[in-house]
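These notes are about the structure you will find just below.
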2 protein chains.
Amino acid sequence: MAMTNGKTLVTMIAAGNREIQDFLDSDQRETPYLVIDLKVAAQQFRRLTGAFRETTVFYAVKANPQPKLIRQLAQLGSSFDVASPAEIDLCLSEGADPSRLSYGNTIKKAADIRYAYDRGVRMFVFDSEAELRKLAEHAPGSAVFCRLLAGSAGAQWPLSRKFGCAPDMAVSLLAQARDLGLRPIGVSFHVGSQQLDPTRWDPSVAQAAQVFRELAERGIHLTLLNCGGGFPTGYQDPVAPIEAYADAINTAVERHFGPYRPTLAIEPGRFIAADTGVLRAQVVLVSQKSYDDDHRWVYLDIGRFGGLAETEGEAIQYRLVTARDGEPTGPVVLAGPTCDSVDILYEKAPYRLPLDLEPGDYVDILGTGAYTTTYSSVGFNGFAPLATFCIGDNA
Amino acid sequence: MAMTNGKTLVTMIAAGNREIQDFLDSDQRETPYLVIDLKVAAQQFRRLTGAFRETTVFYAVKANPQPKLIRQLAQLGSSFDVASPAEIDLCLSEGADPSRLSYGNTIKKAADIRYAYDRGVRMFVFDSEAELRKLAEHAPGSAVFCRLLAGSAGAQWPLSRKFGCAPDMAVSLLAQARDLGLRPIGVSFHVGSQQLDPTRWDPSVAQAAQVFRELAERGIHLTLLNCGGGFPTGYQDPVAPIEAYADAINTAVERHFGPYRPTLAIEPGRFIAADTGVLRAQVVLVSQKSYDDDHRWVYLDIGRFGGLAETEGEAIQYRLVTARDGEPTGPVVLAGPTCDSVDILYEKAPYRLPLDLEPGDYVDILGTGAYTTTYSSVGFNGFAPLATFCIGDNA
C-alpha cells in the first residue's frame, strides 16, 4: 500500500489555509473525518454582513450544527434559523438569545411550537392555514411570516414545491394571522440552495412586494422581507461574489418596493459553513469491471450514506485533492463503501483521478463544511457516522 | 387535534399480527418509531429454508442489525452476510460462530479484512484483482468467491454496475486466487433488491455455470453458487411466493449445471426483516399550496432522512394505514419533516389518504422492518434517529 504524502494535499485549493493542512498532516487519524476551521466561518460571516447592509443574518443551523461554530456565530452577532427543538436547545446553550431565533421550518408539531415558545422563541414561519392555527394556539402573540412558493431554476440543489404557498393564499393567511392574535410581520421565500444566478431573487421580491401592498390596503403593514438562503460556494468553478447577490437583491427591492423599503433578512447556511471544511477520506479499492473497460471504479470510505448525501443525482460536485495530483489521470467512477448500489457519488460527472491512485491513498474532499455531518447515517452497513474536528477556536 | 383511535390501525394489513397491534395500542410513545416482531422473522426464515432445500441462508445483516433479531436468527441456524467489522462484532456477540460469517462486501479496507480474519472469518467475496491481493495478504488461505456483474431489470431497488465483474475476469481472478494461496470456492451474483421476476436469476446462473466449467478445465473445481438476495416483500401488491423463486433458481441450476450441482447459498435481507416491522409516524401538517390545488400535502414526522431512504425515486412504495381508513379519500403528496426539499416520499405515486386526516393522526407504515433504521441520519435538522422496539422475543 502506498504511503500518502499528506503534505501535498489541500494546498492546491485551500491555499492560505495552513491550519487545516497542518491538522491533516499532524496525525494519521482513522478516516473518514471532517475538519472545520472556525476562522473561515467568521470570515464568511463578515463577508456577508459587509455585503448585506442593514440585513439580519439568520444562520441556517441545519447546514452545520457543530456547537463551537454556533457559539462563534452567536458571539459575532448572528441570528439563527432553526428547524427543531434540538436546534433551539443547541443555539440557546451556545449563547444565542431566544429573540435571535427564527423557527424557520414550515412543518412543526404542535408540541414543538410550544417547546419553542416556552423557551422564548417569538418568530415563526408558516405556509398554510393549519400551521397558522397551531401557531395561534401554541405561540400566541408571536411574530409570524409566510413563506411564498418560489422557482428555483438555476440552483444546483433546487427546491421543490414542498415549501411555500401561492401569493394570494399568503395574503389571506397573513390577514388571518392578525385575526388569530398573531403578529404578521412579513414574507419569506427561498430560490434554491447553491443558486448560481443572482437575478433569481427578483421575481420573488416582486411577488413579496405585491403581498405587502395588498395587506397594506387591509391596514396590515408588513416590515420583514426574508430572502432565504442559496448563496453559493465555489465547489469547482468560481461563483459570483457575494456582493453581486447583495446588489441584485437590493436592486430588486428598490425596483419593487420603491420608497417603502422593508427590513431585510437572509438565511445563509452553505455560504458560511461549506468552505470551513475539508473531509479526509481514503481510497478503499480501485478496480475495473472488465478487462476492456477504460473506466476505473474508485471506492472511497465515505459515500452517500456517510455524509455526502448531496451527491444524490450528482447535484453537488465536490473538488477532490490527492497526494498524486500532477500525475497523469484517467476517468473514474466514484463510489462509497456500502453494499448499496445507489451509494455512487459520480458516474456521469467527468471526474478524473491519477492513474497510480491506490488503496490507502487519502482523498481530500473540499468545501464539505456544510450539509455533510448531519446527513450521515447512524450506521448503515455498520459504518460509524462522520466524525468532526474543529480548529481555529480562538478566532 | 383529533385523537387517533389506534385500535383500528394495522388490522387491515397485518391481520393476524395481534402483537404488533397491541404494542401500538398499549401506549402513546413519541413518534416516529419502529416496532418489529421477532416471531415474524422466525416464520420468514423457516419459509425460506422450507422452500430452498440444501441451501445455506446468509442473512444480510445490513437489512436490519437489531441485536435480538441477529441472536434469534443465529439460534435458528442462520449464517450471516456481513459488510463491516461492526457487523462482524455484532454477529459474534449475538452467538454466531465465525465459520458462519461471509464477508460479503466487495469493498474492504485491508485493516478490516485483517480484523475479520483475526476473529475467525474465513469466507470473503471479491470482484477485482486489487481486492484479491488484499485478501491474499490479510486473510491467507481463506475461502473466496467472485461476484459477477448481473442485470437487475425487474428489481424495484435495482443494482447498478457498482458490484461484480465480467465472467472472463472472474475466471482469471479465481485462477489467480489459487496461485495466491487462497481457496477459490465459487461465484456470487445479485439480481437486484425487491426483484419481482423469479426468472431473472437464470441468466446469471448460466454465466456462473460457464465460469465453473472454464475453471474446471484449469483443474479448479468450484463448489459454491451464491445466488444473492432480492427476494421481495409484498409492500402493496402480492408478490410471487418464495417457492416460485426457489423453483426458478433450482430449474436454472439444473438447466445450466446439469449433474454437477453446486452447493447453493442465498443472502436474503428484506425477505426476512421487512414484514417484521411497522413504523408508526404522525401527521405533522396537512396543507395546500394554493386555493385551487386539488392535491393536499401531507407532512409526516418521518421522511427520507429519518429512515425511509428507499423512497428515493419513489422506488419502494410502502402501504400506509390510518385510523380514518374507510372514509372518503383524495390524492396526496407525502413528505418528510425536514427543511430539505428532496425530503419528499411520494409525489408521482398515486397515494390517496382520507380527506379528514389531521395533524396528530397516526400513520402506520407497513413492511418497514428492513432497510429503515440504519439509513436514519444521526440528526439532520435536529431530528433524532429512528427508535426500534422489539417484541416476540420468546418465539
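Would you pick out the residues in the stretch B:273-298 that are in contact with a Leu (Cβ under 8 Å, 6 or more places away or on another chain), at the interface with another protein chain (Cβ under 7 Å from one of its Cβ atoms) and not in a loop (DSSP other than H, G, I, E, B)?
Once the filter is applied, which keeps residues that are in contact with a Leu (Cβ under 8 Å, 6 or more places away or on another chain), at the interface with another protein chain (Cβ under 7 Å from one of its Cβ atoms) and not in a loop (DSSP other than H, G, I, E, B), the stretch B:273-298 yields B:Val284, B:Val286.
How many residues does the stretch B:65-124 contain that are under 22 Å from B:Thr368 (Cα atoms) and touching a residue at least 60 places away in the same chain (Cβ under 8 Å)?
Total satisfying the criteria: 7.
With the requirement that a residue be more than 7 Å from chain B (Cβ to nearest Cβ), assigned to a loop (DSSP other than H, G, I, E, B) and not polar (S, T, N, Q), what does the stretch A:364-395 give you? Break it down stepwise before answering.
Start the filter on the stretch A:364-395 by keeping residues that are more than 7 Å from chain B (Cβ to nearest Cβ), which leaves A:364-373, A:384, A:386-395.
Of the ones still in play, those that are also assigned to a loop (DSSP other than H, G, I, E, B) are A:367-372, A:384, A:386, A:392-395.
Passing the criteria: A:Gly367, A:Gly369, A:Ala370, A:Tyr371, A:Ala384, A:Leu386, A:Gly392, A:Asp393, A:Ala395.
Specify the residue that is surrounded by the fewest Cβ atoms within 10 Å (Cβ to Cβ); the eligible residues are those in the stretch B:299-313 that are under 16 Å from A:Tyr375 (Cα atoms) and facing chain A (nearest Cβ under 7 Å).
B:Glu312
For residues in the stretch B:137-150 being surrounded by 15 or more Cβ atoms within 10 Å (Cβ to Cβ) and part of a loop (DSSP other than H, G, I, E, B), which is modelled with the lowest pLDDT? Don't jump to the end; show me each part of the working.
So the first thing to find is which residues in the stretch B:137-150 are surrounded by 15 or more Cβ atoms within 10 Å (Cβ to Cβ), and the list is B:138-139, B:142-150.
Still in the running and part of a loop (DSSP other than H, G, I, E, B): B:139, B:142, B:149-150.
Details: B:Ala139: 98, B:Ser142: 98, B:Leu149: 93, B:Ala150: 88.
Per the criteria, the residue is B:Ala150.
Considering only the stretch B:73-92, how many residues are touching a Lys or Arg at 6+ places or on another chain (Cβ under 9 Å), more than 9 Å from every other protein chain (Cβ to nearest Cβ) and in a helix (DSSP H, G or I)?
As a first pass, look at the stretch B:73-92 and keep what is touching a Lys or Arg at 6+ places or on another chain (Cβ under 9 Å): B:74, B:76-85, B:87-89, B:91-92.
Remaining after also requiring more than 9 Å from every other protein chain (Cβ to nearest Cβ): B:74, B:76-80, B:91-92.
Adding the requirement that they be in a helix (DSSP H, G or I) leaves B:74, B:76, B:91-92.
So the count comes out to 4.
For residues that are without any contact (Cβ under 8 Å) to a residue 40 or more places away in the chain and within 28 Å of A:Gly186 (Cα to Cα), scanning just the stretch A:26-49, find the one that is surrounded by the fewest Cβ atoms within 10 Å (Cβ to Cβ).
Out of the qualifying residues, it is A:Arg46.
Cβ contacts < 8 Å: first residue more than 17 Å from B:Pro359 (Cβ to Cβ) and at pLDDT 95 or above, restricted to the stretch B:310-339; second residue assigned to a strand (DSSP E or B) and among the hydroxyl-bearing types (Ser, Thr, Tyr), any location; separation 6+ or different chain. Result?
Close Cβ pairs (under 8 Å, with a partner that is assigned to a strand (DSSP E or B) and among the hydroxyl-bearing types (Ser, Thr, Tyr)) amount to B:Thr311/B:Tyr346; B:Glu314/B:Tyr346; B:Gln317/B:Tyr346.
Checking the structure you have, find out if any residue of the stretch B:54-66 is within 14 Å of another protein chain (Cβ to nearest Cβ), assigned to a loop (DSSP other than H, G, I, E, B), within 17 Å of the chain's Cα centre (by Cα) and under 15 Å from B:Glu267 (Cα atoms). Working first, answer last.
Within the stretch B:54-66, the first condition is being within 14 Å of another protein chain (Cβ to nearest Cβ), and the residues that meet it are B:58-66.
Those left that are additionally assigned to a loop (DSSP other than H, G, I, E, B): B:64-66.
Next cut, within 17 Å of the chain's Cα centre (by Cα) only: B:64-66.
Going one step further and asking which of them are under 15 Å from B:Glu267 (Cα atoms), we end up with B:64-65.
Scanning the stretch B:54-66, I find at least one residue that is within 14 Å of another protein chain (Cβ to nearest Cβ), assigned to a loop (DSSP other than H, G, I, E, B), within 17 Å of the chain's Cα centre (by Cα) and under 15 Å from B:Glu267 (Cα atoms), so the answer is yes.
Considering the stretch B:151-170 alone, what residues qualify as being touching a helix residue (DSSP H, G or I) at 6+ places or on another chain (Cβ under 6 Å) and crowded, with 22+ Cβ neighbours inside 10 Å?
B:Ala170
So B:Gln317 fits all but one of (1) within 30 Å of B:Val40 (Cα to Cα); (2) not in a loop (DSSP other than H, G, I, E, B); what number is the exception?
B:Gln317 satisfies every listed condition except (2).
Right, A:Val125: among the β-branched types (Val, Ile, Thr) and either over 29 Å from A:Ala41 (Cα atoms) or assigned to a loop (DSSP other than H, G, I, E, B) (or both) or not?
Details: among the β-branched types (Val, Ile, Thr): yes; either over 29 Å from A:Ala41 (Cα atoms) or assigned to a loop (DSSP other than H, G, I, E, B) (or both): no.
Here the answer is no, as A:Val125 does not meet what is asked.
Any chance you could count how many residues in the stretch B:102-152 are away from chain A (no Cβ under 12 Å) and among the acidic types (Asp, Glu)?
Summing the residues that are away from chain A (no Cβ under 12 Å) and among the acidic types (Asp, Glu) in the stretch B:102-152 gives 1.
The values are calculated or read from the model by the stated rules, or taken from the named source; none is laboratory data. From a predicted model like this one, the values you see are computed outputs, not experimental measurements. No Cβ is skipped: glycine too gets one built from the backbone with ideal geometry, and neighbour counts run over all protein chains shown.
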